[in-house]
Amino acid sequence: MRDVQQNRLDEWKAQGFDPTACPVRQVLDHVAAKWTMLILLELANGPARFNALGRALPDISKRMLTQTLRDLERDGLVTREVFPTKPPSVEYTLSPMGQSLLSAMDGLFDWANDNFDHIKQARDVYAQG
């Protein structure tokens, strides 16, 4: 596996790899953010309004939920629809690209579930010195 990863990095370097313009880095800046995957997983169940997302993720602040939804909309992972009600209501939906991201992340989700107990143990050992 390491050879495949190293070959990919070697290919990028041979093409004039610029770490500041790295597409993986640019995408992971938002995808790896604390709340992104949880919001996308909530939206995988169907469209949701802002307050419903807030209730589903009770420890996220309204400010952080707003910012994360804006980032996801800007990156094309989520669509936002405003309804002409008084007051206006807004609904968020997972875009096709957002759905494809969740499919791509399935392996990581499985890995995290399978290894979480080991990671907790390693953290405990590390904390003990």
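The values are calculated or read from the model by the stated rules, or taken from the named source; none is laboratory data. Everything numeric in this text was worked out from a predicted model, so none of it was measured. Neighbour counts are summed over all protein chains in view; Cβ atoms, including those assigned to glycine, are modelled from backbone coordinates with ideal geometry. Ligands, DNA and RNA are excluded from the accessible area calculation, which covers all protein heavy atoms including side chains. Shrake-Rupley method; radii C 1.70, N 1.55, O 1.52, S 1.80 Å.
If we count every other residue with Cβ under 13 angstrom of L43's Cβ, Lys/Arg +1 and Asp/Glu -1, where does the sum land?
Local net charge: -2.
Taking every protein chain into account, the 1.4 Å probe leaves K13 with about 120 Å² of accessible area, to the nearest ten. Legend: calculated FRET efficiency, D124 to A21, from the Cβ-Cβ distance at R0 = 41 Å, rounded to 0.05, equals 0.55.
The gain in end-to-end length when the F50 to S89 segment is fully stretched comes to 13.2 nm, 0.36 nm per residue minus the alpha carbon separation.
Since only G76, P87, L102 are under comparison, the one whose Cα sits farthest along the positive direction of the charge dipole of the stretch 1-128, derived from C-beta charges on Lys, Arg, Asp and Glu, is P87.
Taken about its Cα centre, the chain carries a charge dipole of about 580 debye when Lys and Arg each add +1 at the Cβ and Asp and Glu each add -1 at the Cβ.
Applied to the stretch 113-125, the Karplus parametrisation 6.51 cos²θ - 1.76 cosθ + 1.60 on θ = phi - 60° returns per-residue 3J(HN,Hα) values of 4, 5, 10, 4, 4, 5, 5, 4, 4, 4, 5, 4, 4 Hz, with x for Gly and Pro. Binning the alpha carbon pair distances of the stretch 1-116 at 10 angstrom intervals from zero yields the distribution 12, 36, 31, 15, 6, 1, expressed in whole percent. What's the angle, to the nearest 10 degrees (0 to 90), between helix 62-74's Cα axis and the longest principal axis of the chain? So the helix axis and the longest Cα principal axis differ by about 70 degrees. Heavy-atom accessible area with a 1.4 Å probe sorts S95, S61, largest first, into S61, S95.
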